[in-house]
Amino acid sequence: MLKKALVTLLIFCSSTVFSQDHPNTILWEVSKAGLKHKSYVFGTFHEVYPSFFLSQKNAVQKLSSSSMLYVEQARKDFYDSGTTNANIVTWDVDKWKAATNPEQRKVFESFVQKAENTDYYNLPPLLLSLTLFRVYAQNFCDTANRDSDESLDHYIERLAETKNIPVESLDDKDKMDEVFSSNSLADSVLVEACVGIMRSMLEEDFKPCQIFDTYKNLTINYELSKDLTDKNNHLALLERNRKWVKRLDKAFQKNSCFVAVGFRHLMYRQGLIQQLRDVGYSVKPVPST
């Protein structure tokens, strides 16, 4: 009898974990005992065509009923000032030669030649990897419904502004310039990521586009029990998550908030979902459509 009960419990726990990891949604409801209002966290994919958000009707409704929107980097703080990337340490050909092996260097040179743009050499590894993925995504993957190069996040921000919902940045611009400039991010993993994206474009390889289908079909595996502690994610993901949770904790106490950040910030043991749970919130998946 006891053995049967234990087996039943294990099956229940396993199915619960699976449903949390594979909830078929990109919207999570945040609540806490003593708070009358609820907040919502929406996992974005920066490079997906902007109007995709309108297909997530429940998410649109929750945004409309919120009193505050938080995004990673609001346009007014990061882009409208005309100082974008002004304080980021630039790289050059020599730095990239030192960071790449002969095979990687050949791919890099071929890509720059085909793009007819040597500015790629000026970007440090993290910023280059993000730039390249955006170029790849918009030209190889997410093209059918795209009518602008605007990010999904900025589309949500503009939609909030039309509804007179205040928008705030979770990131600090000076701190993000430090993240993009950090030499600790100039390692083999990021260099290989940059070269890999270049190679995919040169070879017209569409396999990396599968992540778009995963996102748009709402079949993300959040891997909420997986630890993500390696140095390659420390500044860009882990450290930002920790800072965001502190700020969001205070914001959730005062207002019904809608948070729109890249879906990877929701994933793993160190993601926003689990970290908010660690500070006393109930965070559960709800339909986004």
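Residues Ala98, Ala86, Ala74, Ala137: which one is of a type in the set (A, V, I, L, M), surrounded by fewer than 14 Cβ atoms within 10 Å (Cβ to Cβ), modelled with pLDDT under 95 and under 30 Å from Thr162 (Cα atoms)?
Working: Ala98 fails: under 30 Å from Thr162 (Cα atoms); Ala74 fails: surrounded by fewer than 14 Cβ atoms within 10 Å (Cβ to Cβ); Ala137 fails: surrounded by fewer than 14 Cβ atoms within 10 Å (Cβ to Cβ).
Exactly one residue qualifies, and that residue is Ala86.
Identification of helices (runs of 4 or more DSSP H) wholly contained in the stretch 75-173 with 1 or more residues that are acidic (Asp, Glu) yields 75-78, 93-99, 102-115, 152-162. For the stretch 17-31, the condition of being modelled with pLDDT under 90 and either buried (at least 20 other Cβ atoms within 10 Å of the Cβ) or among the aromatic types (Phe, Trp, Tyr) (or both) holds for at least one residue. Out of Ser200, Ser151, Ser188, one residue alone is more than 22 Å from Gly43 (Cα to Cα) and modelled with pLDDT under 95. It is Ser188. Name the single residue that is nearest to Trp244 (Cα to Cα) among those in the stretch 272-289 being part of a helix (DSSP H, G or I) and not basic (Lys, Arg). So the residue we want is Leu272. Before we move on, is Val195 part of a strand (DSSP E or B) and at pLDDT 95 or above? It is false that Val195 is part of a strand (DSSP E or B) and at pLDDT 95 or above. When the test is whether a residue is over 21 Å from Asp142 (Cβ atoms), under 19 Å from the mean Cα position of the chain (by Cα) and either of a type outside the set (Phe, Trp, Tyr) or buried (at least 18 other Cβ atoms within 10 Å of the Cβ) (or both), Ile197 does not pass it. Evaluated against (1) of a type outside the set (Gly, Ala, Ser); (2) modelled with pLDDT under 90; (3) outside any helix (DSSP H, G or I), Glu178 falls short on exactly one condition, (3).
Restricting attention to the stretch 48-67 and to residues that are surrounded by fewer than 17 Cβ atoms within 10 Å (Cβ to Cβ) and hydroxyl-bearing (Ser, Thr, Tyr), the residue that is nearest to the chain's Cα centre (by Cα) turns out to be Ser51. Condition test on Ile220, is it over 25 Å from Asp142 (Cα atoms), of a type in the set (Val, Ile, Thr) and surrounded by 14 or more Cβ atoms within 10 Å (Cβ to Cβ)? Taking the combined requirement at face value, the residue does not satisfy it. Taking the stretch 212-226 as the search range and keeping residues that are without any contact (Cβ under 8 Å) to a residue 12 or more places away in the chain and either in a helix (DSSP H, G or I) or touching a Phe, Trp or Tyr at 6+ places or on another chain (Cβ under 9 Å) (or both), which one is nearest to Glu116 (Cα to Cα)? For the stretch 212-226, the residue satisfying everything is Asp213.
The values are calculated or read from the model by the stated rules, or taken from the named source; none is laboratory data. Values in this document were obtained by computation on a predicted structure and should not be read as measured data. Cβ sites come from the backbone with ideal geometry, for glycine too, and all protein chains shown count toward neighbours.
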